[in-house]
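In what follows, a single structure is set out as structure tokens and then discussed.
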Amino acid sequence: MKQSSGRGNFGSRLGVILASAGSAVGLGNIWRFPTEVGSNGGAAFILVYLAFVFLLAMPVMVAEFVIGRSSRANTVGAYRTLAPGKPWIVAGFMGVVAGILVLSFYSVVAGWTLHYTVDSIGLRLMGPQDFAAVFNNFVSNPWKPLIFQYVFLLLTHVIVSRGVESGIERFSKAMMPMLLVIIVVLACCSLTMPGARDGLTFLLKPDFSKVTTKVVLSAMGQAFFSLSVGIGCLATYASYFKEDTRLVNSAFSVCVIDSLVAIFSGFIIFPAVFSVQGVQVDAGPGLVYITLPNVFNLAFGDVPFLGYLFSVFFYVLLLLAALTSTISMHEIATAFFRENYRLSRRTAATIVTLICVVLGTACSLSFGVWSEVKVMGMGFFALFDFLTAKFIMPLGGILLTMFVEWYLDRKLVVNELTNKGTVRVRSLRLLLFLIRWVAPIGVGVVFLNELAS
Ligand code: PHE
């Protein structure tokens, strides 16, 4: 397979896994997952979610890897190379648009995280306070959250402008292991809190009567969102993989790492939620920013310095996890503009950043001065979240898997999955079955159910 010159490559196998896991692991796991678990009833949601991760989202990830590495192009270019002149290219454009929409609302939360990082370093999260009021005042302020959001977008911009190996890979490799360690430590701390037992019951004891169509759609949306699949993000990364990267193994590792981080985040948040008066499990987007400062204060009441250290560590790492994800969203559109219009990486990245500044501003303001502006009954933030996670990403998943299994030549697909027959993939047949039937039909059924309800 030819390698287009000057596109860049991930240098090592670990780099591939950590960069892809870096894309997957982010606010989706530590902020969105607990929020969704809280508003969808707990353990039963988690089980449905895990089933969707491995039965629906993982096959889509493998499909993305195949498309990306075999075409060595951005998402639009990939369809142009693999299916010239065919309408499949629409799926590529859909990915570029979705990447921009995700980055626009995601950078709002990333901005909050940056603000909390600065506050935690400056000792402002120390001592008991009404953290719910603090949070609500901050997000509804007309300009403060915007400044933090813009700074965050700028950071993303700088890393993406630097390119694949020295920017994206190097950064992910350094950050991911640290993040994993701190998450485990924090979960252990949270489990010593007074409400730990109730938190664990909520997380581990399924009540299937709570599984409604809304819960199922939310679980599917969360699975796609958390794994970054359905919009060509991982296809774009896979276009930088080397010939000897093992696609199936890498996909499996990313899914396992991502699920573990999500579940550990649950272990951090819910024991804490049940230990603090006045915080509801279904508090919505603010959950993490209201409960965690309480945890740091309560869990380490006797040794405030430790509480301080943990809060600083936590927010810094959450910030970095968010950053490894935002660079992957940004890269979808940057790669597209760069290759499609033959721009320099820097110019392409600038276009993407500017679009996200405009759309991202609308998302941020929907928590304050624009809270009355509604489209389809939702503010911009909720609308972008809904459109991408619950609609475009799963729909993209159907198209990607159908493209790989129904359109692409079977030989090409098997060659990609086995690296031209040099690696044995034990569950190859099962995997192809999941890609061909289970993923597209499964996602379709959940959609139809939702429409009918
Ligand atoms: N998977 C990322 C997270 O969990 C979010 C993301 C969505 C990243 C779409 C890239 C594309 O935070």
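Descriptive notes on the structure:
- Spin-label model distance (nm) - Asp302 vs Lys86, 7 Å beyond Cα toward Cβ: 6.6 nm
- Label-to-label distance, Leu448 versus Asn137, with points set 7 angstrom from Cα along the beta-carbon direction: 5.3 nm.
- Here each label is just a point 7 Å from Cα along the line to Cβ, and for Gln280 and Phe54 those points are 3.4 nm apart.
- Values of log10 I(q)/I(0), in the order q = 0.07, 0.08, 0.13 Å⁻¹, for the stretch 13-452 under a Debye, Cα-only, solvent-free model: -0.31, -0.41, -1.13
- Accessible area in square angstrom per residue, the chain, 1.4 angstrom probe: 39 Å²
- Accessible carbon and sulfur surface of the stretch 15-100 relative to its total accessible area, %, 1.4 Å: 76 percent
- Rounded, prolate or oblate (a/c below 1.5 giving rounded, otherwise prolate when a/b exceeds b/c) for the stretch 278-339 by Cα gyration tensor: oblate
- Out-of-range pairs (alpha-carbon distance over 32 Å; input Lys214/Lys374; Lys86/Lys374; Lys144/Lys205): Lys86/Lys374; Lys144/Lys205
- What separates the Cα centres of the stretch 419-443 and the stretch 46-104 is a distance of 16 Å.
- Calculated FRET value between Arg342 and Asp409, using beta carbons and R₀ = 25 Å, to 0.05: 0.30
- Helices assigned as whole DSSP H runs in the chain whose Cα atoms extend at least 27 Å along their own long axis and whose mean Kyte-Doolittle hydropathy is -1.0 or higher are found at 89-121, 144-162, 170-190, 247-273, 304-340, 345-365.
- Restricting the trypsin sites (Lys or Arg not before Pro) of the stretch 118-199 to loop positions (DSSP other than H, G, I, E, B) with no more than 15 neighbouring Cβ atoms within 10 Å leaves Arg124.
- Size of electric dipole in the chain: Cβ of Lys, Arg +1 and of Asp, Glu -1, about Cα centre, debye, nearest 20: 1480 debye
- Positive-pole candidate from Thr401, Phe224, Ser104, dipole of the chain, charges at beta carbon: Thr401
- Over the stretch 133-183, equivalent-ellipsoid semi-axes from the Cα gyration tensor in Å: 29, 18, 4
- Since only Val423, Pro194, Leu247 are under comparison, the one whose Cα sits farthest along the positive direction of the charge dipole of the chain, derived from C-beta charges on Lys, Arg, Asp and Glu, is Val423.
The values are calculated or read from the model by the stated rules, or taken from the named source; none is laboratory data. Just so it is clear, the structure is predicted and the values come from calculations on it, not from any experiment. Cβ coordinates were reconstructed from backbone atoms using ideal geometry, including for glycine residues, and neighbour counts include every protein chain displayed. Heads up: the accessible areas ignore ligands, DNA and RNA and are worked out on the full protein's heavy atoms, side chains in. Shrake-Rupley method; radii C 1.70, N 1.55, O 1.52, S 1.80 Å.
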